[in-house]
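Input: a single structure, listed below in C-alpha cells.
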Amino acid sequence: MGKMRKRLTALGMVAVLSFSMVAAGYSVKPQPGTSFSLMTWNVRYGAEGTSQQRHQIAFYNADIVLLQETDFGVTRSGKVNQAELYADGLYDYYLYGKDDDYDTGTIGTSLLTNGKIAKRDDYNDLGQIEMHDGYFHADVEVHGVDLSIYNVHLNYLRTDWRAQQLYELALDVDEDESDYIIVAGDFNIQSFDELSVLLTKLDSVNNDETYYATYHGLDWPTQAIDNVLYTGDTLEVTQVVMPVNGNSDHNALFVNFKVK
C-alpha cells in the first residue's frame, strides 16, 4: 500500500473510531506528566536545502512538526509535494494547508506526525485543506493527548490584515472546547502586543521575558516572529530549544510539553 493511500486510510479509521468514542460518551484523559513535543519552522520552501532541513527535523524527532512556506507543485522546488517530501521516511502522516496559488502550484503550510489525525469533512482527495485567514486547524492525538492544533502563517504586508487574521483566529480558539490547544507558526508580528487577543486564553513561549530571535533578517521591527502558544492551565512547557543555523531564514522552535 502506498504512503498516500496508507495515510488516507488511517485518517478514515481514526474518524470512525473518534465518532464511536464520542457517540458512546467515552473519553480518556491523559495521565498527568504525559509528555510530547512540537516543532514549528518556516522552511522557506527548502531554498537553503531540504536535505539539511530533513536532517534537523529527524534529529529533534518532535511528535508534531508544523512547517510554513511549503510548496505543492511549484517550479522553484521541483514541482514536488513538499509536505510528502519532508515526511518521507520520518513521519507516517502529513497534512498540507493551501494558502494561495503560486506559479505552477500552490504555497501553504504542512503538519507532520506519527500520531492520529482526525479526518474532517473539508479534506480533499489528497488530504489537503484550505487555510482559513492564514491558518489551518487539525485534531491530532499523540501519546493519549488529544491536541487541537492551529498551524499559523499570518500576513506580513499589512498590519490591519494581520490584525483581522488574529481576530478570526482568536474567535476560533475561544470557541474551541479542547482541553489542550496549541497555536504555533510564523505570526509575522511587529510587536508582542499584537498577540494580546490570543493571550486571554493562551500562554506564549516567545515573549519579552523569554525572547527567541527566530527570524534572521534585519528588515523587521522584531526578529521574534515565530511562536508557540498553548493552554497554560493544562500544559506545562518543560524545554524550549531554538536551533540556530543557516538552513532557512528562520530558526525553528522546538518545545517539550507535559500534561498538568
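Picking from residues in segment 190-219 that are under 22 Å from G246 (Cα atoms), modelled with pLDDT of 95 or more and of a type outside the set (S, T, Y), the one that is surrounded by the fewest Cβ atoms within 10 Å (Cβ to Cβ) is A213. Which of the residues that make up segment 179-204 are within 18 Å of the chain's Cα centre (by Cα), within 18 Å of W161 (Cβ to Cβ) and in a loop (DSSP other than H, G, I, E, B)? Of everything in segment 179-204, those that are within 18 Å of the chain's Cα centre (by Cα), within 18 Å of W161 (Cβ to Cβ) and in a loop (DSSP other than H, G, I, E, B) turn out to be F187, N188, I189, L198.
Scan segment 77-90 and tell me whether some residue there is in contact with an Asp or Glu (Cβ under 8 Å, 6 or more places away or on another chain), surrounded by 20 or more Cβ atoms within 10 Å (Cβ to Cβ), among the aromatic types (F, W, Y) and within 18 Å of F136 (Cβ to Cβ). Checked against the condition, which is being in contact with an Asp or Glu (Cβ under 8 Å, 6 or more places away or on another chain), surrounded by 20 or more Cβ atoms within 10 Å (Cβ to Cβ), among the aromatic types (F, W, Y) and within 18 Å of F136 (Cβ to Cβ), segment 77-90 yields no hits at all. Here Y60 meets each of (1) under 14 Å from the mean Cα position of the chain (by Cα); (2) within 16 Å of S37 (Cα to Cα) with one exception, condition (1).
The residues in segment 236-254 that are farther than 18 Å from G46 by Cα, within 17 Å of the chain's Cα centre (by Cα) and either assigned to a strand (DSSP E or B) or modelled with pLDDT under 95 (or both) can be counted, and the count is 4. Look at segment 173-190: where a residue is closer than 27 Å to Y215 by Cα and free of Cβ contacts under 8 Å to residues at least 40 places away in the same chain and a partner is hydroxyl-bearing (S, T, Y) and assigned to a helix (DSSP H, G or I), sitting 6+ places away or on another chain with Cβ atoms under 7 Å, you get Q190/T159.
The values are calculated or read from the model by the stated rules, or taken from the named source; none is laboratory data. Fair warning: this is a prediction, and the values are worked out from it, not measured in the lab. So basically every Cβ, Gly included, is an ideal-geometry build from the backbone, and we count neighbours across all protein chains shown.
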